[in-house]
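Undergrad: Below you will find the structure I want to go over with you.
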Amino acid sequence: MSEDLHVDLAVIGAGPGGYVAALRAAQLGLKTVVIEKEFVGGTCLNIGCIPSKALLDATHLLTQIRNASAFGIRVEGIEVDYPAMRQHKAKVVKMLTGGVRSLLRKAGVTLIEGEGSFAGPGVLQVDRAVSAATSSESKGGAGGRVVVRAGSIIIASGSGEAQLPGVPLDGELVISSRGALDLEEVPQRMVVVGGGYIGLEMSSVYSRLGTDVVVLEMLDRLLPEMDQEVAETAEKLMREQGLDIRLNARVSGVTGRAGDAEVAFETTEERQTVATDIVLVAIGRRPLTAGLGLDAIDLEPDPRGYITVDHGMRTGVPGVYAVGDVVPTPMLAHVAMDEGVVAAECAAGRDAAMEYRAIPAVVFTSPELASVGLKEEEALARGRKLRVGRFPFRGNARARARNDVEGWVKIIADAETDELLGAHCVGPEAGHLIHEAVVAMGYSGYSEDLALTVHAHPTLSEAFKEAALAVDGRSLHI
Ligand code: FAD
(Lines give C-alpha, C1' and ligand atoms only; values in the text may rest on other atoms or scores of the structure.)
Protein backbone atom coordinates (compact mmCIF):
# COMPACT_ATOMS: atom_id res chain seq x y z
CA MET A 1 0.00 0.00 0.00
CA SER A 2 1.41 3.42 -0.88
CA GLU A 3 0.93 6.60 1.11
CA ASP A 4 1.34 10.24 0.00
CA LEU A 5 3.02 12.89 2.10
CA HIS A 6 3.32 16.61 1.23
CA VAL A 7 6.08 18.55 3.01
CA ASP A 8 8.20 21.69 2.63
CA LEU A 9 11.50 19.82 2.96
CA ALA A 10 12.62 16.20 2.68
CA VAL A 11 16.10 15.14 3.78
CA ILE A 12 17.70 11.89 2.55
CA GLY A 13 19.91 10.50 5.31
CA ALA A 14 19.89 11.07 9.08
CA GLY A 15 23.65 11.40 9.63
CA PRO A 16 25.18 14.62 11.02
CA GLY A 17 24.48 16.45 7.74
CA GLY A 18 20.90 15.27 7.40
CA TYR A 19 19.59 15.30 10.97
CA VAL A 20 21.07 18.75 11.69
CA ALA A 21 19.56 20.10 8.44
CA ALA A 22 16.18 18.69 9.50
CA LEU A 23 16.42 20.23 12.99
CA ARG A 24 17.32 23.67 11.60
CA ALA A 25 14.58 23.49 8.97
CA ALA A 26 11.98 22.64 11.64
CA GLN A 27 13.26 25.56 13.74
CA LEU A 28 12.61 27.81 10.75
CA GLY A 29 9.04 26.54 10.51
CA LEU A 30 9.40 24.13 7.56
CA LYS A 31 7.30 20.97 7.61
CA THR A 32 10.16 18.46 7.39
CA VAL A 33 10.70 14.73 6.92
CA VAL A 34 14.00 12.90 7.21
CA ILE A 35 14.44 9.53 5.54
CA GLU A 36 16.96 7.05 6.93
CA LYS A 37 17.67 3.59 5.56
CA GLU A 38 20.03 2.09 8.14
CA PHE A 39 20.84 4.00 11.31
CA VAL A 40 19.74 7.33 12.74
CA GLY A 41 22.92 9.31 13.46
CA GLY A 42 24.62 7.99 10.32
CA THR A 43 28.22 6.87 10.06
CA CYS A 44 29.39 9.32 12.70
CA LEU A 45 27.28 8.14 15.62
CA ASN A 46 27.03 4.45 14.72
CA ILE A 47 30.26 3.35 13.02
CA GLY A 48 32.55 6.40 12.98
CA CYS A 49 33.42 9.33 15.24
CA ILE A 50 31.59 8.21 18.35
CA PRO A 51 32.40 4.49 18.71
CA SER A 52 36.02 5.19 17.72
CA LYS A 53 36.32 7.89 20.39
CA ALA A 54 34.70 5.62 23.00
CA LEU A 55 37.44 3.02 22.33
CA LEU A 56 40.19 5.65 22.07
CA ASP A 57 39.17 7.22 25.38
CA ALA A 58 38.94 3.83 27.11
CA THR A 59 42.36 2.69 25.87
CA HIS A 60 43.93 6.10 26.56
CA LEU A 61 42.77 5.77 30.17
CA LEU A 62 44.37 2.32 30.24
CA THR A 63 47.70 3.84 29.17
CA GLN A 64 47.39 6.58 31.77
CA ILE A 65 46.72 4.01 34.49
CA ARG A 66 49.73 2.01 33.34
CA ASN A 67 51.85 5.16 33.62
CA ALA A 68 50.38 6.30 36.94
CA SER A 69 53.55 5.51 38.89
CA ALA A 70 55.07 8.77 37.59
CA PHE A 71 52.46 10.55 39.73
CA GLY A 72 53.25 8.45 42.79
CA ILE A 73 50.29 6.16 42.26
CA ARG A 74 50.98 2.45 42.39
CA VAL A 75 48.43 0.37 40.50
CA GLU A 76 48.70 -3.38 40.52
CA GLY A 77 46.88 -6.11 38.67
CA ILE A 78 45.56 -3.99 35.79
CA GLU A 79 43.23 -6.08 33.68
CA VAL A 80 41.29 -5.26 30.55
CA ASP A 81 37.71 -6.51 30.39
CA TYR A 82 37.37 -6.18 26.63
CA PRO A 83 33.70 -7.25 26.43
CA ALA A 84 32.90 -4.55 29.03
CA MET A 85 34.86 -2.01 26.96
CA ARG A 86 32.72 -2.94 23.95
CA GLN A 87 29.61 -2.55 26.08
CA HIS A 88 30.74 0.95 27.10
CA LYS A 89 31.07 1.81 23.41
CA ALA A 90 27.66 0.31 22.56
CA LYS A 91 26.04 2.20 25.46
CA VAL A 92 27.45 5.55 24.30
CA VAL A 93 26.25 4.89 20.72
CA LYS A 94 22.77 3.87 21.93
CA MET A 95 22.43 6.90 24.16
CA LEU A 96 23.50 9.36 21.47
CA THR A 97 21.46 7.85 18.63
CA GLY A 98 18.45 7.75 20.96
CA GLY A 99 19.18 11.41 21.70
CA VAL A 100 19.03 12.28 17.99
CA ARG A 101 15.67 10.46 17.64
CA SER A 102 14.34 12.41 20.57
CA LEU A 103 15.64 15.75 19.19
CA LEU A 104 13.88 15.04 15.87
CA ARG A 105 10.66 14.10 17.66
CA LYS A 106 10.74 17.23 19.85
CA ALA A 107 11.36 19.41 16.79
CA GLY A 108 8.34 17.88 15.04
CA VAL A 109 10.41 16.29 12.27
CA THR A 110 8.86 13.13 10.79
CA LEU A 111 11.34 10.26 10.58
CA ILE A 112 10.68 7.71 7.86
CA GLU A 113 12.83 4.62 8.18
CA GLY A 114 13.47 3.24 4.72
CA GLU A 115 15.45 3.79 1.54
CA GLY A 116 14.63 6.97 -0.37
CA SER A 117 15.17 7.69 -4.05
CA PHE A 118 14.07 10.32 -6.55
CA ALA A 119 10.99 9.46 -8.62
CA GLY A 120 11.01 12.84 -10.39
CA PRO A 121 11.47 16.56 -9.64
CA GLY A 122 10.30 17.21 -6.06
CA VAL A 123 9.17 13.61 -5.59
CA LEU A 124 10.82 10.89 -3.53
CA GLN A 125 9.75 7.33 -3.09
CA VAL A 126 10.63 5.54 0.12
CA ASP A 127 10.54 1.80 0.54
CA ARG A 128 9.95 1.55 4.21
CA ALA A 129 12.08 -0.91 6.19
CA VAL A 130 9.93 -3.68 7.65
CA SER A 131 11.43 -3.24 11.14
CA ALA A 132 10.44 0.45 11.00
CA ALA A 133 6.78 -0.49 11.16
CA THR A 134 7.14 -1.12 14.89
CA SER A 135 9.12 2.03 15.64
CA SER A 136 6.86 4.41 17.57
CA GLU A 137 8.53 7.67 16.57
CA SER A 138 8.88 6.88 12.87
CA LYS A 139 6.07 7.33 10.38
CA GLY A 140 3.72 4.42 11.13
CA GLY A 141 2.32 1.70 8.85
CA ALA A 142 3.57 -1.80 8.11
CA GLY A 143 6.33 -1.67 5.49
CA GLY A 144 5.11 -0.47 2.09
CA ARG A 145 5.97 2.57 0.04
CA VAL A 146 5.67 6.26 0.94
CA VAL A 147 5.65 8.91 -1.78
CA VAL A 148 7.01 12.21 -0.47
CA ARG A 149 6.32 15.43 -2.39
CA ALA A 150 8.61 18.17 -1.17
CA GLY A 151 9.25 21.83 -2.05
CA SER A 152 12.96 21.27 -1.38
CA ILE A 153 15.12 18.16 -0.97
CA ILE A 154 18.50 17.85 0.77
CA ILE A 155 20.71 14.90 -0.18
CA ALA A 156 22.77 13.83 2.85
CA SER A 157 23.46 10.21 1.94
CA GLY A 158 27.06 10.20 3.21
CA SER A 159 29.90 7.91 2.24
CA GLY A 160 31.14 4.32 2.36
CA GLU A 161 34.58 2.73 2.69
CA ALA A 162 36.91 2.82 -0.31
CA GLN A 163 38.00 -0.70 -1.28
CA LEU A 164 41.49 -1.85 -2.10
CA PRO A 165 41.60 -3.28 -5.64
CA GLY A 166 42.05 -7.06 -5.53
CA VAL A 167 41.59 -7.20 -1.75
CA PRO A 168 37.83 -7.42 -1.13
CA LEU A 169 36.41 -6.91 2.34
CA ASP A 170 35.19 -10.25 3.72
CA GLY A 171 34.42 -9.21 7.29
CA GLU A 172 36.77 -11.81 8.79
CA LEU A 173 40.29 -11.55 7.40
CA VAL A 174 39.90 -8.25 5.56
CA ILE A 175 37.80 -5.70 7.42
CA SER A 176 36.95 -2.00 7.21
CA SER A 177 36.83 0.51 10.07
CA ARG A 178 33.27 -0.64 10.70
CA GLY A 179 34.51 -4.16 11.39
CA ALA A 180 37.49 -2.88 13.37
CA LEU A 181 35.15 -1.01 15.72
CA ASP A 182 33.32 -4.20 16.51
CA LEU A 183 35.89 -7.00 16.80
CA GLU A 184 34.78 -9.66 19.26
CA GLU A 185 38.34 -10.38 20.32
CA VAL A 186 41.56 -8.42 20.39
CA PRO A 187 43.78 -9.87 17.62
CA GLN A 188 47.44 -10.64 18.29
CA ARG A 189 48.55 -9.16 14.97
CA MET A 190 46.93 -6.58 12.73
CA VAL A 191 48.01 -4.99 9.45
CA VAL A 192 46.46 -1.60 8.88
CA VAL A 193 46.48 -0.48 5.26
CA GLY A 194 46.44 3.32 5.20
CA GLY A 195 48.18 5.88 7.40
CA GLY A 196 45.36 8.42 7.42
CA TYR A 197 43.45 9.46 10.53
CA ILE A 198 41.13 6.43 10.65
CA GLY A 199 44.03 3.99 10.23
CA LEU A 200 46.08 5.70 12.94
CA GLU A 201 43.20 5.98 15.41
CA MET A 202 42.34 2.28 15.05
CA SER A 203 46.06 1.34 15.20
CA SER A 204 46.29 3.25 18.49
CA VAL A 205 43.28 1.45 19.99
CA TYR A 206 44.54 -2.05 19.21
CA SER A 207 48.18 -1.34 19.92
CA ARG A 208 47.20 -0.09 23.41
CA LEU A 209 45.25 -3.34 23.87
CA GLY A 210 48.36 -5.37 23.05
CA THR A 211 48.03 -6.08 19.32
CA ASP A 212 51.21 -5.96 17.21
CA VAL A 213 50.23 -3.40 14.58
CA VAL A 214 51.95 -2.85 11.25
CA VAL A 215 50.83 0.23 9.30
CA LEU A 216 51.38 0.11 5.53
CA GLU A 217 51.15 3.51 3.85
CA MET A 218 51.56 3.92 0.10
CA LEU A 219 52.82 7.53 0.31
CA ASP A 220 56.15 8.70 1.75
CA ARG A 221 54.39 10.25 4.76
CA LEU A 222 51.46 9.72 7.12
CA LEU A 223 48.37 11.95 7.20
CA PRO A 224 48.57 13.63 3.78
CA GLU A 225 45.77 16.05 4.74
CA MET A 226 47.80 17.52 7.60
CA ASP A 227 50.79 19.84 7.89
CA GLN A 228 54.02 17.98 7.08
CA GLU A 229 55.59 18.81 10.45
CA VAL A 230 52.52 17.46 12.28
CA ALA A 231 52.77 14.23 10.27
CA GLU A 232 56.51 13.88 10.96
CA THR A 233 56.10 14.40 14.71
CA ALA A 234 53.15 11.98 14.77
CA GLU A 235 55.19 9.36 12.93
CA LYS A 236 58.07 9.66 15.39
CA LEU A 237 55.82 9.50 18.46
CA MET A 238 53.73 6.62 17.14
CA ARG A 239 56.84 4.61 16.32
CA GLU A 240 57.98 5.23 19.92
CA GLN A 241 54.59 3.89 21.06
CA GLY A 242 55.33 0.64 19.24
CA LEU A 243 53.60 0.97 15.87
CA ASP A 244 55.58 -0.59 13.03
CA ILE A 245 55.07 2.04 10.31
CA ARG A 246 56.21 1.29 6.75
CA LEU A 247 56.02 4.16 4.27
CA ASN A 248 56.16 3.88 0.45
CA ALA A 249 54.49 0.49 0.91
CA ARG A 250 51.95 -0.39 -1.76
CA VAL A 251 49.85 -3.45 -0.86
CA SER A 252 49.55 -5.93 -3.73
CA GLY A 253 47.62 -8.80 -2.18
CA VAL A 254 46.43 -10.70 0.87
CA THR A 255 46.54 -14.48 1.15
CA GLY A 256 45.50 -16.99 3.82
CA ARG A 257 42.67 -16.83 6.31
CA ALA A 258 41.80 -14.92 9.46
CA GLY A 259 44.41 -15.81 12.09
CA ASP A 260 46.96 -17.02 9.56
CA ALA A 261 47.47 -14.63 6.67
CA GLU A 262 50.11 -12.78 4.74
CA VAL A 263 50.01 -9.30 3.24
CA ALA A 264 52.26 -8.67 0.24
CA PHE A 265 53.47 -5.14 -0.42
CA GLU A 266 55.95 -3.41 -2.65
CA THR A 267 58.34 -0.72 -1.49
CA THR A 268 60.58 1.38 -3.69
CA GLU A 269 63.25 -1.34 -3.50
CA GLU A 270 61.59 -4.70 -3.11
CA ARG A 271 58.56 -6.93 -2.64
CA GLN A 272 57.95 -7.87 0.98
CA THR A 273 55.41 -9.77 3.04
CA VAL A 274 54.15 -9.44 6.58
CA ALA A 275 52.30 -12.12 8.55
CA THR A 276 49.09 -11.13 10.29
CA ASP A 277 45.84 -12.33 11.84
CA ILE A 278 43.65 -9.63 10.36
CA VAL A 279 43.86 -6.78 7.82
CA LEU A 280 42.14 -3.44 8.31
CA VAL A 281 41.70 -1.49 5.07
CA ALA A 282 41.46 2.23 5.87
CA ILE A 283 42.33 3.94 2.60
CA GLY A 284 39.61 6.58 2.54
CA ARG A 285 35.91 6.98 1.89
CA ARG A 286 33.79 7.44 -1.23
CA PRO A 287 30.54 9.40 -1.60
CA LEU A 288 27.35 7.29 -1.70
CA THR A 289 25.07 8.30 -4.56
CA ALA A 290 24.22 4.98 -6.21
CA GLY A 291 20.58 4.07 -5.64
CA LEU A 292 19.40 7.66 -5.15
CA GLY A 293 17.77 7.77 -8.59
CA LEU A 294 19.61 10.96 -9.54
CA ASP A 295 18.81 10.25 -13.22
CA ALA A 296 15.17 11.06 -12.48
CA ILE A 297 16.16 14.69 -11.84
CA ASP A 298 19.04 14.88 -14.34
CA LEU A 299 21.64 15.33 -11.60
CA GLU A 300 25.00 13.87 -12.52
CA PRO A 301 27.75 13.38 -9.90
CA ASP A 302 31.31 14.41 -10.83
CA PRO A 303 33.73 11.70 -12.09
CA ARG A 304 34.70 10.84 -8.47
CA GLY A 305 31.04 10.40 -7.52
CA TYR A 306 30.60 13.66 -5.54
CA ILE A 307 27.64 15.99 -6.01
CA THR A 308 28.94 19.48 -6.72
CA VAL A 309 27.29 22.43 -4.99
CA ASP A 310 27.63 26.21 -4.61
CA HIS A 311 28.25 28.00 -1.28
CA GLY A 312 24.56 27.69 -0.43
CA MET A 313 24.84 23.88 -0.90
CA ARG A 314 22.60 24.13 -4.01
CA THR A 315 23.12 21.49 -6.69
CA GLY A 316 22.48 22.45 -10.31
CA VAL A 317 18.86 21.26 -9.94
CA PRO A 318 16.44 23.88 -8.55
CA GLY A 319 15.23 23.02 -5.03
CA VAL A 320 17.80 20.22 -4.55
CA TYR A 321 20.67 20.66 -2.08
CA ALA A 322 23.49 18.32 -1.02
CA VAL A 323 25.58 18.31 2.17
CA GLY A 324 28.16 16.25 4.05
CA ASP A 325 30.36 13.46 2.76
CA VAL A 326 28.47 13.35 -0.54
CA VAL A 327 29.87 16.76 -1.58
CA PRO A 328 33.57 17.43 -2.36
CA THR A 329 34.44 19.25 0.89
CA PRO A 330 36.32 17.84 3.94
CA MET A 331 34.68 14.55 4.97
CA LEU A 332 34.12 15.51 8.60
CA ALA A 333 31.04 15.42 10.79
CA HIS A 334 31.27 19.08 11.85
CA VAL A 335 31.52 20.16 8.20
CA ALA A 336 28.45 18.05 7.38
CA MET A 337 26.50 19.64 10.26
CA ASP A 338 27.31 23.22 9.26
CA GLU A 339 26.57 22.46 5.62
CA GLY A 340 23.23 21.03 6.78
CA VAL A 341 22.38 24.29 8.54
CA VAL A 342 23.31 26.33 5.46
CA ALA A 343 21.21 24.12 3.15
CA ALA A 344 18.20 24.28 5.51
CA GLU A 345 18.44 28.06 5.75
CA CYS A 346 18.67 28.44 1.97
CA ALA A 347 15.70 26.07 1.58
CA ALA A 348 13.79 28.33 3.99
CA GLY A 349 14.54 31.33 1.75
CA ARG A 350 17.41 32.77 3.81
CA ASP A 351 20.67 33.96 2.32
CA ALA A 352 23.22 31.59 3.92
CA ALA A 353 26.65 30.52 2.68
CA MET A 354 29.23 27.98 3.86
CA GLU A 355 32.72 29.28 4.72
CA TYR A 356 35.62 26.80 4.61
CA ARG A 357 38.57 29.00 5.60
CA ALA A 358 38.76 27.89 9.23
CA ILE A 359 37.72 24.24 9.37
CA PRO A 360 39.43 22.37 12.20
CA ALA A 361 40.64 18.79 11.72
CA VAL A 362 41.59 16.59 14.66
CA VAL A 363 43.22 13.16 14.90
CA PHE A 364 42.43 11.60 18.27
CA THR A 365 45.67 9.69 18.76
CA SER A 366 47.82 10.30 21.81
CA PRO A 367 49.00 12.98 21.71
CA GLU A 368 46.18 14.50 19.68
CA LEU A 369 46.93 16.20 16.37
CA ALA A 370 44.96 19.26 15.30
CA SER A 371 45.05 21.71 12.41
CA VAL A 372 43.19 24.68 11.05
CA GLY A 373 43.79 26.82 7.97
CA LEU A 374 46.77 26.59 5.68
CA LYS A 375 49.52 24.05 6.15
CA GLU A 376 52.95 25.70 6.20
CA GLU A 377 54.03 24.02 2.94
CA GLU A 378 50.72 24.96 1.32
CA ALA A 379 51.04 28.63 2.30
CA LEU A 380 54.61 28.72 0.92
CA ALA A 381 53.51 27.01 -2.31
CA ARG A 382 50.93 29.79 -2.72
CA GLY A 383 53.77 32.29 -2.65
CA ARG A 384 52.86 33.74 0.76
CA LYS A 385 55.64 35.25 2.85
CA LEU A 386 55.27 33.86 6.34
CA ARG A 387 56.24 34.42 9.92
CA VAL A 388 55.94 31.22 11.91
CA GLY A 389 55.85 30.97 15.71
CA ARG A 390 56.49 27.71 17.53
CA PHE A 391 56.20 26.71 21.16
CA PRO A 392 56.86 23.27 22.69
CA PHE A 393 54.63 21.88 25.45
CA ARG A 394 57.74 21.19 27.51
CA GLY A 395 57.78 24.95 28.21
CA ASN A 396 54.18 24.86 29.50
CA ALA A 397 53.73 24.53 33.26
CA ARG A 398 50.44 22.63 33.11
CA ALA A 399 51.82 20.13 30.60
CA ARG A 400 54.63 19.52 33.10
CA ALA A 401 52.14 19.02 35.96
CA ARG A 402 50.23 16.53 33.81
CA ASN A 403 53.46 14.80 32.82
CA ASP A 404 52.31 15.28 29.24
CA VAL A 405 54.96 17.33 27.46
CA GLU A 406 55.19 15.77 23.98
CA GLY A 407 54.36 18.11 21.12
CA TRP A 408 54.13 21.75 20.19
CA VAL A 409 51.99 24.55 18.80
CA LYS A 410 52.76 26.29 15.50
CA ILE A 411 51.14 29.56 14.45
CA ILE A 412 51.44 30.68 10.83
CA ALA A 413 50.95 34.37 10.07
CA ASP A 414 51.29 36.48 6.94
CA ALA A 415 54.69 38.20 7.11
CA GLU A 416 53.35 41.58 6.05
CA THR A 417 49.83 41.81 7.45
CA ASP A 418 50.17 39.42 10.44
CA GLU A 419 46.86 37.80 9.35
CA LEU A 420 46.47 34.40 10.97
CA LEU A 421 46.73 31.85 8.14
CA GLY A 422 46.86 28.59 10.05
CA ALA A 423 47.59 26.86 13.32
CA HIS A 424 48.83 23.34 13.97
CA CYS A 425 49.23 21.50 17.21
CA VAL A 426 50.54 18.15 18.40
CA GLY A 427 50.00 17.64 22.09
CA PRO A 428 47.69 17.14 25.05
CA GLU A 429 44.09 18.22 24.35
CA ALA A 430 45.13 19.57 20.92
CA GLY A 431 41.59 18.88 19.67
CA HIS A 432 40.15 21.30 22.21
CA LEU A 433 42.96 23.85 22.09
CA ILE A 434 42.87 24.32 18.31
CA HIS A 435 39.56 26.18 18.66
CA GLU A 436 41.42 29.15 20.03
CA ALA A 437 42.89 29.65 16.54
CA VAL A 438 39.63 28.55 14.84
CA VAL A 439 37.70 31.36 16.54
CA ALA A 440 40.45 33.91 15.89
CA MET A 441 40.55 32.93 12.21
CA GLY A 442 36.75 33.04 12.06
CA TYR A 443 37.02 36.72 12.98
CA SER A 444 39.84 37.20 10.43
CA GLY A 445 42.19 37.76 13.36
CA TYR A 446 45.92 38.40 13.58
CA SER A 447 48.58 36.45 15.43
CA GLU A 448 48.88 39.58 17.59
CA ASP A 449 45.26 39.04 18.75
CA LEU A 450 46.22 35.66 20.21
CA ALA A 451 49.48 37.00 21.62
CA LEU A 452 47.79 39.91 23.45
CA THR A 453 44.91 37.87 24.87
CA VAL A 454 45.29 37.10 28.58
CA HIS A 455 45.29 33.32 29.06
CA ALA A 456 44.55 31.67 32.39
CA HIS A 457 47.52 30.17 34.22
CA PRO A 458 48.33 27.33 34.48
CA THR A 459 46.54 26.03 31.37
CA LEU A 460 47.65 24.23 28.24
CA SER A 461 46.19 27.13 26.24
CA GLU A 462 49.14 29.29 27.27
CA ALA A 463 51.14 27.32 24.69
CA PHE A 464 49.00 28.98 22.00
CA LYS A 465 49.69 32.44 23.39
CA GLU A 466 53.40 31.66 23.55
CA ALA A 467 53.43 30.36 19.94
CA ALA A 468 51.69 33.58 18.86
CA LEU A 469 54.28 35.62 20.78
CA ALA A 470 56.97 33.55 19.03
CA VAL A 471 55.75 34.87 15.66
CA ASP A 472 57.57 38.07 16.71
CA GLY A 473 60.33 36.29 18.60
CA ARG A 474 58.74 37.31 21.91
CA SER A 475 57.86 34.03 23.64
CA LEU A 476 58.79 34.19 27.29
CA HIS A 477 58.85 30.69 28.72
CA ILE A 478 61.41 28.97 26.52
P1 FAD B 1 26.70 9.84 7.11
O2 FAD B 1 27.04 10.03 8.53
O3 FAD B 1 27.37 8.75 6.36
O4 FAD B 1 25.14 9.63 7.06
C5 FAD B 1 24.47 9.35 5.87
C6 FAD B 1 23.21 8.61 6.20
O7 FAD B 1 22.40 8.52 5.03
C8 FAD B 1 23.46 7.19 6.66
O9 FAD B 1 22.83 6.97 7.91
C10 FAD B 1 22.86 6.32 5.55
O11 FAD B 1 22.29 5.13 6.06
C12 FAD B 1 21.78 7.24 5.01
N13 FAD B 1 21.40 6.98 3.61
C14 FAD B 1 22.21 6.83 2.54
N15 FAD B 1 21.48 6.63 1.42
C16 FAD B 1 20.17 6.65 1.79
C17 FAD B 1 18.94 6.51 1.10
N18 FAD B 1 18.92 6.29 -0.21
N19 FAD B 1 17.80 6.60 1.79
C20 FAD B 1 17.80 6.81 3.14
N21 FAD B 1 18.95 6.94 3.86
C22 FAD B 1 20.12 6.88 3.19
N23 FAD B 1 34.46 12.89 11.44
C24 FAD B 1 34.77 13.81 12.37
O25 FAD B 1 34.46 14.99 12.18
N26 FAD B 1 35.42 13.47 13.53
C27 FAD B 1 35.78 12.21 13.79
O28 FAD B 1 36.36 11.94 14.84
C29 FAD B 1 35.48 11.21 12.83
N30 FAD B 1 35.83 9.93 13.05
C31 FAD B 1 35.48 8.98 12.14
C32 FAD B 1 35.86 7.67 12.38
C33 FAD B 1 35.53 6.68 11.48
C34 FAD B 1 35.94 5.25 11.77
C35 FAD B 1 34.79 7.01 10.30
C36 FAD B 1 34.40 5.94 9.32
C37 FAD B 1 34.42 8.31 10.04
C38 FAD B 1 34.77 9.32 10.96
N39 FAD B 1 34.44 10.65 10.73
C40 FAD B 1 34.79 11.60 11.65
C41 FAD B 1 33.76 11.09 9.50
C42 FAD B 1 32.26 11.29 9.76
O43 FAD B 1 31.71 10.11 10.26
C44 FAD B 1 31.56 11.71 8.48
O45 FAD B 1 32.22 12.83 7.93
C46 FAD B 1 30.11 12.07 8.75
O47 FAD B 1 29.41 10.98 9.30
C48 FAD B 1 29.42 12.53 7.46
O49 FAD B 1 28.10 12.83 7.74
P50 FAD B 1 26.97 12.69 6.61
O51 FAD B 1 25.70 13.12 7.26
O52 FAD B 1 27.39 13.36 5.37
O53 FAD B 1 26.94 11.15 6.25
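The values are calculated or read from the model by the stated rules, or taken from the named source; none is laboratory data. None of these values were measured; they are calculated from a predicted model. Cβ: placed from backbone, ideal geometry, glycine included. Neighbour counts: every protein chain shown. Accessible surface areas use protein heavy atoms only, side chains included; no ligands, DNA or RNA. Shrake-Rupley method; radii C 1.70, N 1.55, O 1.52, S 1.80 Å.
Undergrad: Could you compute Rg(Cα) / (2.2 N^0.38 Å) for segment 347-421, with N its residue count? Walk me through the intermediate numbers first.
TA: Details: Rg = 16.7 Å, N = 75, 2.2 N^0.38 = 11.3 Å.
So segment 347-421 has a normalised radius of gyration of 1.47.
Undergrad: Among the trypsin sites (Lys or Arg not before Pro) in segment 289-369, which ones are in a DSSP loop with at most 14 other Cβ atoms within 10 Å of the Cβ? Mind listing them?
TA: Within segment 289-369, the qualifying trypsin sites (Lys or Arg not before Pro) (loop, at most 14 other Cβ atoms within 10 Å) are R304, R350, R357.
Undergrad: For A119, enumerate residues with amide H under 5 Å from its amide H, sequence gap 5+ or separate chain, H modeled in the peptide plane.
TA: Placed amide hydrogens put L124, Q125 under 5 Å from A119.
Undergrad: Can you quote the Å³ per residue value for the convex hull of the Cα atoms in segment 305-380, rounded to an integer?
TA: Looking at segment 305-380, the number lands at 111 Å³ per residue.
Undergrad: Quick one: Cα centre-to-centre distance for segment 160-200 and segment 1-45, in angstrom?
TA: When both Cα centres are located, 31 Å separates them.
Undergrad: Under 5 Å between amide H atoms, partner at least 5 residues away or on a different chain: which partners does T459 have, H built in plane at 1.01 Å?
TA: Correct list: R398.
Undergrad: Moving on to the next point. What net charge do the residues around E161 carry, taking every other residue with its C-beta under 11 Å from that of E161, with Lys and Arg at +1 and Asp and Glu at -1?
TA: Taking every other residue near E161 into account, the sum is +3.
Undergrad: Could you report the chain's accessible area per residue, 1.4 Å probe, as an integer in Å²?
TA: On a per-residue basis, 46 Å².
Undergrad: Using just the alpha carbons, could you tell me how many Å³ per residue the convex hull of the chain encloses? Let's see the in-between values first.
TA: Details: hull volume 81.8 nm³, N = 478.
Cα-based convex hull of the chain, divided per residue, equals 171 Å³.
Undergrad: Next question. Please work out the Cα center distance from segment 380-411 to segment 284-360, rounded to the nearest Å.
TA: One Cα centre to the other: 35 Å.
Undergrad: Taking a ≥ b ≥ c as the square roots of the Cα gyration tensor eigenvalues, with a/c under 1.5 meaning rounded and otherwise prolate when a/b beats b/c, else oblate, which class fits segment 160-315?
TA: Prolate, because a/c is 1.5 or more and a/b exceeds b/c.
Undergrad: Apply the Karplus parameterisation 6.51 cos²θ - 1.76 cosθ + 1.60, with θ equal to phi minus 60°, to every residue of segment 93-104 and state each ³J(HN,Hα) to the nearest whole Hz, in sequence, with x for glycine and proline.
TA: Calculated HN-Hα couplings, in order: 4, 4, 5, 6, 5, x, x, 5, 4, 6, 4, 5 Hz.
Undergrad: For D260, what charge total do you get from the other residues with a beta carbon under 14 Å from its beta carbon, if Lys and Arg give +1 and Asp and Glu give -1?
TA: The answer is -1.
Undergrad: Let me ask something else about it. Let me know the longest stretch in the chain that avoids all chymotrypsin sites (Phe, Trp or Tyr not before Pro) found in a DSSP loop with at most 13 other C-beta atoms within 10 Å. Don't skip to the end; give the middle numbers.
TA: Numbers: sites that count: Y356, Y443.
Answer from the scan: 1-355.
Undergrad: Antiparallel versus total DSSP beta bridges in the chain: what percent is that, nearest 5?
TA: Of those bridges, close to 60 percent are antiparallel.
Undergrad: For segment 13-145, what percent of Cα pairs sit more than 22 Å apart?
TA: Working: 4425 of 8778 pairs.
Percentage above 22 Å: 50.
Undergrad: Pairs of Cα atoms under 8 Å, at least six residues apart: use those to get the relative contact order of segment 173-275, whole percent.
TA: 22 percent
Undergrad: If you don't mind, there's one more thing I want to ask. Could you give the length gained by full extension between D295 and E448, i.e. 0.36 nm per residue of separation minus their alpha carbon distance, to one decimal place?
TA: Extra length available between D295 and E448 comes to 49.9 nm.
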